[in-house]
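See below for the structure under consideration.
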Amino acid sequence: ELIHRTMVAMIGATMTLYFLALQDRAPSLTTVVGWMDHGTLGLLWGMMVIVGITMRTGVFEWMGVLACKLSGGSKYRLCLLMCLVTGVLSAFLDNVTTILLITPVTCKLCKLVEVDPRPFLICEAIFSNVFGTATMIGDPPNIIVGNMLSDYLTFTDFLLNLGPGVLLTAPPLFAYLSWYFGDGLRGQINADVEGLQKSYPITNKPLLVKCSMVLFCVVVSFFLHAATHLDPAWIAIMGAVWLLIAFDKHRCHEALRDVEWDTLLF
């Protein structure tokens, strides 16, 4: 990648408009803005805000330490648990944001227990893509399809039709990955779990409660789409605004810094 992908996309879009202008066929700004999929952008923005604020509670680091504890010192079980956490989060948040959050947690955890993070990261990325396919909000292509066919497909339709396939795919997929990486996922890890739990606790429990309530309401609203007919983008945006107010209505700019603006522009 010689140039950032967002810059490449912006240069390509600018050049396209430039050549159209040379032919006296330049579209109006209103037309260009109309080409954007506002539903997809709104849904991604809303979920990014919710996840970004939730990240400030320390819950993702805490979940990583909990997975380390439940693994009993086994690399295989630790990788399996991290993949499951990544997969579930990818399905109900979105896989782009999830992997951006889980990656630093995994790298930090692997450094502390002195294991190679590469097998863990690759497995998590693959599980993020697979599990993100299960829901309408888990993967950008699903979001686009869901918005384009919102009159015919609901959140529940995606989950009922794609979820079983994802669940059937996961066991053989992890079996293959564990065989492929071999020694990278075999053996024991030496981890001071008690020390890790003291170092990475939940840092803001009141905020975590607020985030959990908002996220629960958002996911339930997605399931009720067939009855309410609310656009998923509006649900995510309303959840994000409620959480911004609950976070700190005077310092919302701090939460907005966590939005992956380059991904939205891309």
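Remark: the chain carries a charge dipole of roughly 640 debye about the Cα centre, counting +1 on each Lys and Arg Cβ and -1 on each Asp and Glu Cβ.
Take every pair of alpha-carbon atoms less than 8 Å apart whose residues are at least six positions apart; their mean separation over the length of the stretch 1-114 yields a relative contact order of 21 percent.
What net charge do the residues around Ile202 carry, taking every other residue with its C-beta under 14 Å from that of Ile202, with Lys and Arg at +1 and Asp and Glu at -1? Taking every other residue near Ile202 into account, the sum is +3.
The label-point distance for Ile245 and Thr6, in a model that sets each label 7 Å from Cα toward Cβ, rounds to 2.9 nm.
Taking a point 7 Å out from the Cα of Leu230 in the direction of its Cβ, the residues of the stretch 63-93 whose backbone N falls within less than 19 Å of it are 92-93.
With helices as the sole contributors, the chain gives -24000 deg cm²/dmol at 222 nm; each DSSP H run of n ≥ 4 counts as -39500 (n - 2.57), and the sum is divided by every residue. Averaging the sequence gap over all C-alpha pairs within less than 8 Å and six or more residues apart, then dividing by the number of residues, gives the chain a relative contact order of 33 percent. A Gaussian network model of the chain, with springs between Cα atoms under 10 Å, assigns the largest mean-square fluctuation among Trp234, Trp35, Trp242 to Trp35.
In a reduced charge model with +1 at each Lys and Arg Cβ and -1 at each Asp and Glu Cβ, the stretch 69-188 shows a dipole moment near 560 debye about its Cα centre.
Extension gain, Phe216 to Arg186, is 7.1 nm, computed as 0.36 nm per intervening residue step minus the present C-alpha separation.
Axis of helix 205-223 versus longest Cα principal axis of the chain: the two differ by about 60°, to the nearest ten degrees.
Report the extension gain between Leu167 and Leu256 in nm, rounded to one decimal, defined as 0.36 nm multiplied by the number of residues separating them, less their alpha carbon distance.
Working: separation 89, 0.36 × 89 = 32.04 nm, distance 3.43 nm.
Full extension of this stretch gives 28.6 nm more.
In a DSSP loop and with at most 15 other Cβ atoms within 10 Å, the trypsin sites (Lys or Arg not before Pro) in the stretch 208-266 are Lys249, Arg251, Arg257.
Along the axis of the charge dipole computed for the chain (Cβ charges of +1 for Lys and Arg, -1 for Asp and Glu, origin at the Cα centre), the listed residues Phe19, Asn95, Leu81 are led at the positive end by Leu81.
Partner lysines whose Cα lies under 21 Å from the Cα of Lys75, excluding those fewer than 8 positions away in the same chain, are identified as Lys108, Lys111.
Charges were assigned to the Cβ only: +1 to each Lys and Arg, -1 to each Asp and Glu. The resulting dipole of the stretch 140-245 about its Cα centre is roughly 280 debye.
Highest mobility in the GNM of the chain, judged by mean-square fluctuation with C-alpha springs under 10 Å and restricted to Ile122, Ile102, Ile11, is found for Ile11.
Positive contributions from Lys and Arg (+1) and negative ones from Asp and Glu (-1), summed over other residues with Cβ under 13 Å from the Cβ of Asn129, come out at -3. Applying 0.36 nm per residue to the separation of Thr16 and Val209 and subtracting their alpha-carbon distance, the gain on full extension is 64.8 nm. How far, in degrees from 0 to 90, does helix 75-92 lean away from the longest principal axis of the Cα atoms of the chain, to the nearest 10? The two axes meet at around 30 degrees.
What the chain shows is 55 Å² of accessible area per residue, with the surface traced by a 1.4 Å probe over protein heavy atoms. Taking label positions 7 Å along the Cα-Cβ direction at both Tyr176 and Gln197, the computed distance is 3.8 nm, reported to one decimal.
Placing unit charges on each Cβ (+1 for Lys and Arg, -1 for Asp and Glu) gives the chain a dipole about its Cα centre, and among Leu44, Cys110, Val259 the Cα reaching farthest toward its positive end belongs to Cys110.
For the stretch 146-196, chymotrypsin sites (Phe, Trp or Tyr not before Pro) meeting the loop criterion (DSSP other than H, G, I, E, B) and having at most 11 other Cβ atoms within 10 Å: Tyr152.
The values are calculated or read from the model by the stated rules, or taken from the named source; none is laboratory data. Remember, it's a predicted structure, so these values are computed and weren't measured experimentally. A quick note on method: Cβ atoms are made from the backbone with ideal geometry, for glycine too, and the neighbour counts reach across all protein chains shown. Note: accessible area is taken over every heavy atom of the protein model, side chains too, but ligands, DNA and RNA are not part of it. Shrake-Rupley method; radii C 1.70, N 1.55, O 1.52, S 1.80 Å.
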